[in-house]
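The values are calculated or read from the model by the stated rules, or taken from the named source; none is laboratory data. Treat the numbers as computed from the prediction; the structure is a model and nothing was measured. Backbone-built Cβ (ideal geometry, glycine too); neighbour counts: all protein chains shown. Side chains included, ligands, DNA and RNA excluded: accessible areas come from the protein's heavy atoms. Shrake-Rupley method; radii C 1.70, N 1.55, O 1.52, S 1.80 Å.
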Amino acid sequence: MSSHSSGRPPTQRLFAAVLPPAEAVAELRTALAPLHALPGSQGLRWTRPADWHFTLAFYGEVPEDVLPELSVRLERAAHRTETLPLRIHGAGHFGGRALWAGAAGGLDMLRLLAERADAAARRAGLPMEEHRRYSPHLTLARSRRAEVDLRPFTEALAGFEGQRWEVEELTLVRSSLPDSGVPGERPRYEEVRAWPLGR
């Protein structure tokens, strides 16, 4: 929770996400193991498997007095969206900064869920960035330095096809940024609440 100053209410750093089930996490974890032996892997900060997620909408610092309205609207967004099939599929990278796994399956429905999660925040009064076409990705690692050649890593994962699962929940996640000053410390993620899709 962020401290409040100058009379403003306290805030929480939040985002809406789809969380992969334990079986999908275990499968991807096994596929990633050989990548840790590739040249350049020491220059990457790997995301903890427990923290893997597909972000739907990033909200930033949300005032606590807005959270009830946001929750109501996210519940409505989940209720209006049917469950959908998904699997982790392939890999890509953002320049030399981040390595990610992609998704396949019910992507049209996933994009609709992302649009509804974004709209929920706007209707709750949160300022959101200009809406761009949603492209699902699950961050696997970030570079410790400015740039790392991530092509060998994406090539090693290019043929990865995870098992299919049914997305049944929309989850609101709290992100607590590191405050210890320890280099390389990662954010902590905590599930705030989840709503079932389609009911």
* Asked: Can you find a residue in the range 83-101 that is of a type outside the set (A, V, I, L, M, F, W, C) and more than 30 Å from S41 (Cα to Cα)?
  -> yes
* Asked: What are the residues in the range 74-95 that are in a loop (DSSP other than H, G, I, E, B) and closer than 16 Å to L19 by Cβ, if any?
  -> T81, T83
* Do we find a residue being more than 15 Å from the chain's Cα centre (by Cα) and hydroxyl-bearing (S, T, Y) anywhere in the range 118-140? -> no
* Asked: Looking at (1) without any contact (Cβ under 8 Å) to a residue 60 or more places away in the chain; (2) more than 21 Å from L84 (Cβ to Cβ), which is the only condition H131 fails?
  -> (2)
* Asked: Limited to the range 1-39, what total is found for residues that are surrounded by 13 or more Cβ atoms within 10 Å (Cβ to Cβ) and modelled with pLDDT under 90?
  -> 1
* Asked: Among the residues of the range 62-90, which ones are open to solvent by 10 Å² or more (accessible area, probe 1.4 Å) and under 30 Å from A158 (Cβ atoms)?
  -> T83, P85, R87, H89
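Filter the range 143-179 for residues that are charged (D, E, K, R) and either within 30 Å of R76 (Cα to Cα) or without any contact (Cβ under 8 Å) to a residue 24 or more places away in the chain (or both) and give the result. Can you show your working first?
Keep residues of the range 143-179 that are charged (D, E, K, R), which gives 144-145, 147, 149, 151, 155, 161, 164, 166, 168-169, 174, 179.
E155, R164, E166, E168, E169, R174, D179 - these are the residues of the range 143-179 that are charged (D, E, K, R) and either within 30 Å of R76 (Cα to Cα) or without any contact (Cβ under 8 Å) to a residue 24 or more places away in the chain (or both).
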